[in-house]
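Structure record follows, encoded as structure tokens.
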Amino acid sequence: QVQLVESGGGLVQAGGSLRLSCAASGRTFSDYFMGWFRQAPGKEREFVAAISWSGDSTYYANSVKGRFTISRDNAKNTVYLQMNSLKPEDTAAYYCAARISGYYSDNGAYGYWGQGTQVTVSS
């Protein structure tokens, strides 16, 4: 079992930045490939970014590439999402997740989820 708790969401103007954190507890954090997903009202949850066990490999949705950066600190059992140049369309609840098996961008590959943190970008 892995417990995940996100923080760092909030209200920001377009063009601004936020850094989300996801603190993990339970099983060994470095055993898990980690991902960030988001869900806007009325829309399906979508992949945002993922990072490998050691942090050597990162993956991004096209919509955030070049603006968002995922990173992790295994010593602190934490994964981060630095979000720059935010746009109103980035408004959503953001979730971190630990992958069990499967393709990194598939919701179904992740077996553990946090409760989410809201990000609202005003125009």
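The values are calculated or read from the model by the stated rules, or taken from the named source; none is laboratory data. All figures in this text were calculated on a predicted structure; none of them were measured in a lab. Don't worry about glycine lacking a Cβ; one is built from the backbone with ideal geometry, like all the others, and counts go over all protein chains shown. Please note that ligands, DNA and RNA were not included when accessible areas were found on the heavy atoms of the full protein model with its side chains. Shrake-Rupley method; radii C 1.70, N 1.55, O 1.52, S 1.80 Å.
Per residue, the accessible area of the chain comes to 49 Å² when a 1.4 Å probe rolls over the protein heavy atoms. Qualifying trypsin sites (Lys or Arg not before Pro) in segment 66-123, where qualification requires a DSSP coil assignment and no more than 15 other C-beta atoms within 10 Å, comprise ARG67, LYS76. Ignoring lysines fewer than eight residues from LYS87 along the same chain, the ones with Cα atoms less than 28 angstrom from its Cα are LYS43, LYS65. Between VAL48 and TRP36, PHE37, ARG38, the built amide H atoms are under 5 Å apart, and every one of these is 5 or more places off in sequence or on another chain.
Working from Cα pairs under 8 Å separated by at least six residues, relative contact order for the chain is 35 percent.
Got a number for carbon plus sulfur as a percent of segment 19-71's accessible area, 1.4 Å probe? Walk me through the intermediate numbers first.
Details: 1140 of 2690 Å².
Here carbon and sulfur together make up 42 percent of the probe-accessible area.
Taken about its Cα centre, the chain carries a charge dipole of about 120 debye when Lys and Arg each add +1 at the Cβ and Asp and Glu each add -1 at the Cβ. Summing charges over all other residues whose Cβ lies under 15 Å from the Cβ of LEU86, with Lys and Arg as +1 and Asp and Glu as -1, gives +3. For segment 1-77, GluC sites (Glu not before Pro) are listed when DSSP marks them as loop and at most 11 other Cβ atoms sit within 10 Å of their Cβ; the list is GLU44.
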